[in-house]
There are 2 protein chains.
Amino acid sequence: PKRALAKIAEVARTAKKLGQDDPRRVTHSLKVGLAITLVSLLYYFQPLFDGFGVAAMWAVLTVVVVFEFSVGATLGKGLNRMLATLLAGALGVGAHHLASLSGEKGEPILLGLFVFLLAATVTFIRFFPRMKARYDYGLMIFILTFCLVSVSGYRDDEVLEMAHKRLSTILIGSFASLFVCVFICPVWAGSDLHSLVAVNLEKIGSFLEEFGNEYFNGLEEGESKKDKSNLEGYKTVLNCKNTEESMANFARWEPGHSQFKFRHPWKQYLKIGTLSRKCAYRVDALNGYLNSEIKAPLKVRRKIEESCIKMSFECGQALKELAMSIKTMTSPTAVDLHMSNAKTSAKNLKSFLKTGLWEDTDLLEVIPAAAVASLLIDVVACTESIADSVNE
Amino acid sequence: PKRALAKIAEVARTAKKLGQDDPRRVTHSLKVGLAITLVSLLYYFQPLFDGFGVAAMWAVLTVVVVFEFSVGATLGKGLNRMLATLLAGALGVGAHHLASLSGEKGEPILLGLFVFLLAATVTFIRFFPRMKARYDYGLMIFILTFCLVSVSGYRDDEVLEMAHKRLSTILIGSFASLFVCVFICPVWAGSDLHSLVAVNLEKIGSFLEEFGNEYFNGLEEGESKKDKSNLEGYKTVLNCKNTEESMANFARWEPGHSQFKFRHPWKQYLKIGTLSRKCAYRVDALNGYLNSEIKAPLKVRRKIEESCIKMSFECGQALKELAMSIKTMTSPTAVDLHMSNAKTSAKNLKSFLKTGLWEDTDLLEVIPAAAVASLLIDVVACTESIADSVNE
């Protein structure tokens, strides 16, 4: 019993944390409950029920299946479901009609053949990358509805009525989901993508802001490792490609909202995302040098310290500025300044290295410092292309 | 019409390519068609139909929804669906019974309350990362079945029979899917994960094998860029974290098959995957130097050429050897040899750099070469930890 209690306490703690990390999760849960309860009213009220009969359960089913966290996802699924049901329903009625022409014996064979062909073809279409990204759910519902309508038509002669009932209940379910989803504390995939991209830039920016000081001064002061976690924030940037892509897909379904118009250039965000991941890979390599045992000796580091700290800091500032300009959707003001500072430092570093004050140090010791410097120069280039993308 | 024809031709070409890339896609489509046709037999045969009535359509629905590409995914969804239906059906019958005790007026209110509470709670549970990974579908079906059974119980007094019919048709649908999925050209997520991990190592390996020659000799010979695509194979490794994770999740559902036992240590593959991604990040940085305009001058490169080519080549060989040993599930034989060669080269390079034959070159020109060398030393370390993981 003690272990069970501990387990329960742990679950409760996780739940609390999930709720605190993103309070919209709690709202979302309540919204789903509300939408389902609303739709199940169809059942409780006699007049409404008489219209639909048992088919009313399709409405409940639709709400459960279609209701997603963000408006874009719900809208995408709802539209997919409605359109697919409409098309497949019509096709199913047609197939049923065609099959019934071939007489008592031929009908089941012909129906079976239709179902087989359609299911196999549409399943194959689901492998097309473009279809998979946007219409995967619709294609599944297409198979489903076609099979249900054409096959159950074999027993039930009111195929048309059945198709019609299925369609209208699905419409009710989808609209109820959309209504609750859009009008009660909506979660827009577009805004989420927008802030995700900005936050990612900010994370890389704060790493770079700190990196110079950390690398060149960190050790001497014997600092504790407590603020390392702040630096590791960029790690989430490395693996968020899929999240960004699905968010962009959802966002394309969404109508205009707050500062975003319909057909906002969501693809641009993916481009910025790709560039920031490229930058994050370099940052990951820099982080490796931060944690590695073998550091360049103090003497060597001192020589390049100033330029490197400056480069890293200015890039960090520029990225943060860019993040801010994305957030507020204004043109960045000080980015050019930061970038030109960073580039000047890079130039200084280069010309300093050319003067060759290095005869008395052996090259092996210089390598880590040189690699850091070279990576930073790379980061400056990355930052610049990110800045270009943001401006577009 | 010409444009339409061109469009059709393009779609046909894509379809052909999809089929040729992985012929199992075609088989899968046919399998889905077969399974659905099999289940719809329930409708065509009078005696079978009498048993289930209209509920037989749940079986068709189950097949369409549950049938996935790999056995693991199908099994996971099928088990989720069956278990969730069983539990939620029982709970729904209970809720209906409880609500009906409270009389004519109280019943719909109480039912609505139950539905709201359950839907909100379970929706929140779906946010738990662990539940999401394995039981997301089951939780959705849980809400669905509970709502259907408890709510439609309000109109239909044969709740028990309805729950029972729903459960048995879902069982039939799931078993039909599983049967076709397992016994006709099965696609095992486990084997796929196994070969994905091996292929990823191989891709990094072939990059490294070529890299040394490409970097140090490529330019002089004025080689065309045609075999660059061979080198870029590693890029897919950078972003396959999600694929690997979902495959490992599916694989855990699968029973033992061919050389894999049930409870094969799938997590180990994720570990190797993480390490190979870390290695791939370094490789990405190396690739940057390969394509960069500023290369170290020939004189400088010549000096470190031998060791670097050797390091890169031996690491590549070791990775390929490891990939092969994963594929054949045998202990790697020559990896230790390759690794010790690579480490000797790294040592040579280090001591060579220490001798300081560099006085006459300026440091700026050395940096790219030094960075390449340093990254290669990093890669050697990565490769070694991958080798350790594979051996486990």
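Report note on the peptides A:239-248, A:192-201: ranked by the mean count of other C-beta atoms within 10 Å, highest first, their order is A:192-201, A:239-248. Across the identical copies, the 7 Å label point of B:Pro265, projected outward along Cα→Cβ, sits 5.0 nm from its counterparts, in ascending order. Sorted shortest first, the distances from the B:Lys132 label point to those of the same residue in the other copies are 2.1 nm; each point sits 7 Å from Cα along Cα-to-Cβ.
Counting Cβ atoms of other protein chains within 10 Å of each residue's Cβ and taking the mean over peptide B:111-120 gives 6. Shortest first, A:Ser102 label-point distances to identical copies amount to 5.4 nm, with the label point at 7 Å from Cα along Cα→Cβ.
Per residue of peptide B:25-34, the mean number of Cβ atoms on other chains within 10 Å of the residue Cβ is 5. For peptide A:166-177, the mean count of partner chain Cβ atoms within 10 Å of a residue's Cβ comes to 0. Per-residue packing, averaged as other Cβ atoms within 10 Å, sorts the ranges A:122-128, B:263-269, B:320-326, A:107-113 into the order B:320-326, A:122-128, A:107-113, B:263-269, beginning with the highest. Centre-to-centre separation between the Cα atoms of the stretch A:56-96 and those of the stretch B:53-112: 19 Å.
Values in this text are rule-based calculations from the coordinates and carry no lab data. All values derive from a computational prediction rather than experimental measurement. We place every Cβ from the backbone using ideal geometry, glycine too, and count neighbours over all the protein chains shown.
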